[in-house]
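Inspection log for the structure reproduced underneath, given as structure tokens.
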Amino acid sequence: MDSIRIQGGIALQGKVRIQGSKNASLPVLAATLLVREGSLIRNCPRIADVHSMISLLRSLGCSVHWQKTGIFVDSAKVTKGEMPREAVTGMRSSLCLLGALIGRCGEVTMEYPGGCVIGERPIDLHLSALRQMGVEFMEKEGQLRASADALHGACICLPFPSVGATENIILAGVAAEGETVLEGAAREPEIQTLCRYLSCCGACIEGAGSSRIVIRGGRRLQGTKFWVPSDRIVAGTYLLGCIGVGGEIFLEQAPAEEMEAVLLTAEEMGGRVCRSREGIYVQAPERPLPVKLITAPYPGFPTDLQSVVLAAAARGRGCTGIEETIFENRFRIVGELKKMGACIEQTDSSHVKVWGVKALQGARVQARELRGGAALVVAGLMAEGESFVGGCPYIYRGYENICRDFRELGARVTSV
Ligand code: EPZ
């Protein structure tokens, strides 16, 4: 079942509930290592990356169980900071365990998390920040060994608002003695969710969501019950997908307050967007209007939705220009979209131009990473005739059930 078959050319109609946030769930699950009691983390999505994180936590000595209302994690018995090789190299987001384990165990042994097709994914910002907090790093036989005899607060300035580095600094700062002041922090909603969880457990953190975060560490944390917000990237995938495919849909529990830039782009592409406490309604134009899109750190347009705009613009009017400023290789679906008849020119590693065509043709295409794969499913929904998207395990890392969700929106999609 690693392909998706799509009968395209059908406008979307209906409503779908948006799953819990992958990129919020993972750091919160990592943060439970700092709480020597049980926490119940609710609304975590049932996706491959969450299952991998659960396996990692269990390998470290945590007791972890899916319950009806969420994931119960008790890290009371955690003693070692050694992470299994396959878990780390297979899932980059295990990197946020670095800060949590340093805080809990004072030492970590892990594989260097590799790059992936969207970029080399270095970790220099993580390492330089944690060194300032008293962490020493050694590399041995491809493994990263970190240790801290006395983790302490520091004044840290990030030259780039790295989401993962911000998460690791917060996690280590909560356990460190003294105060950590972080300038240049990432402002993503996932950072705010992580800080909200830690504060519910008793941590003292100010400035979450701003570029200056202050953490007063060394406090004992208590377990809590916590609700993970809905996934803004999944909601944006379906919303911008509808702009490309056509129709009108309602996205239940979509976090509109975290999606300003996405909603603005949807309207610039000709969509009619209405938000409410219950979610987001969107009505698509007959064909998307051209836009000039530049991805940026939050609150700018999220890089994770760039591929979906690229796909939608392939059936749009006029010429859309896209500049990718976050990752160095995030236009991998250009070749696949061209198989469907898209007219795209990649001028360099950061820029593409898309001249919209009246209709795309169904084709066999291949996903090579998570968000590009989701965008290819959107392209298949837009195209006339039948399409097959291969490499779907990439997509299942972040989408609970993309076929079920699009079927609820009236699409003819099956995994095969
Ligand atoms: C998080 O990745 C997300 N992953 C990504 O989502 C998202 O695209 C990214 O943030 C940007 O918003 C999770 O939350 C699990 P970064 P992360 O550190 O933390 C460079 C998805 O599809 N950089 O903000 O790895 C890096 O190379 C994924 O859900 C350094 O140079 O992103 C990249 O160019 C894909 N040195 C840029 O910063 C470092 O030490 C952004 O990286 C760290 C990062």
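The values are calculated or read from the model by the stated rules, or taken from the named source; none is laboratory data. This structure is a prediction, so every number in the text was calculated from the model and none was measured. Cβ placement follows ideal geometry from the backbone for every residue including glycine, while neighbour counts extend to all protein chains displayed. Ligands, DNA and RNA are excluded from the accessible area calculation, which covers all protein heavy atoms including side chains. Shrake-Rupley method; radii C 1.70, N 1.55, O 1.52, S 1.80 Å.
Residues in region 359-368: is at least one within 14 Å of the ligand (Cβ to nearest atom) and either under 21 Å from the mean Cα position of the chain (by Cα) or among the aliphatic types (A, V, I, L, M) (or both)?
Checking region 359-368: at least one residue is within 14 Å of the ligand (Cβ to nearest atom) and either under 21 Å from the mean Cα position of the chain (by Cα) or among the aliphatic types (A, V, I, L, M) (or both).
Report yes if some residue within region 302-323 is in contact (Cβ under 8 Å) with a residue 40 or more places away in the chain, over 16 Å from L240 (Cβ atoms) and either part of a loop (DSSP other than H, G, I, E, B) or not hydroxyl-bearing (S, T, Y) (or both); otherwise report no.
The answer is no; no qualifying residue exists.
Kindly provide the set of residues from region 356-392 that are surrounded by 18 or more Cβ atoms within 10 Å (Cβ to Cβ), of a type in the set (V, I, T) and under 20 Å from A284 (Cα atoms), ordered by number.
V377, V378
Could you tell me whether G153 is more than 16 Å from the ligand (Cβ to nearest atom) and either more than 16 Å from the chain's Cα centre (by Cα) or open to solvent by 10 Å² or more (accessible area, probe 1.4 Å) (or both)?
Yes.
What are the pairs, 6+ residues apart or on separate chains, where a residue within region 159-182 that is of a type in the set (S, T, Y) has its Cβ under 6 Å from a residue that is in a helix (DSSP H, G or I) and near the ligand (Cβ under 9 Å from one of its atoms)?
Correct list of pairs: S162/L125.
Give me the pairs, please: first residue somewhere in region 39-57 and within 22 Å of M83 (Cα to Cα) and open to solvent by 20 Å² or more (accessible area, probe 1.4 Å), second residue anywhere and within 12 Å of the ligand (Cβ to nearest atom) and not hydrophobic (A, V, I, L, M, F, W, C), beta-carbon distance under 8 Å, and either six or more positions apart or on two chains.
A48/R397; S52/S94
What about V117, is it hydrophobic (A, V, I, L, M, F, W, C), within 16 Å of the ligand (Cβ to nearest atom) and touching a helix residue (DSSP H, G or I) at 6+ places or on another chain (Cβ under 7 Å)?
Answer is no for this residue.
Yes/no matrix, rows are residues, columns are (1) more than 14 Å from the ligand (Cβ to nearest atom); (2) within 23 Å of the chain's Cα centre (by Cα); (3) open to solvent by 20 Å² or more (accessible area, probe 1.4 Å):
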| site | (1), (2), (3) |
| --- | --- |
| S94 | no, yes, no |
| L97 | no, yes, no |
| I102 | yes, no, no |
| T109 | yes, no, yes |
| Y112 | no, yes, yes |
| I123 | no, yes, no |
| L127 | no, yes, no |
| M133 | yes, no, no |
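Among residues belonging to region 329-355 that are over 19 Å from V291 (Cα atoms) and over 24 Å from the mean Cα position of the chain (by Cα), point out the one that is least open to solvent (accessible area, probe 1.4 Å).
M340
Return the residues of region 22-38 that are in contact with a Pro (Cβ under 8 Å, 6 or more places away or on another chain) and either farther than 25 Å from V234 by Cα or open to solvent by less than 10 Å² (accessible area, probe 1.4 Å) (or both); say none if nothing qualifies.
A24, S25
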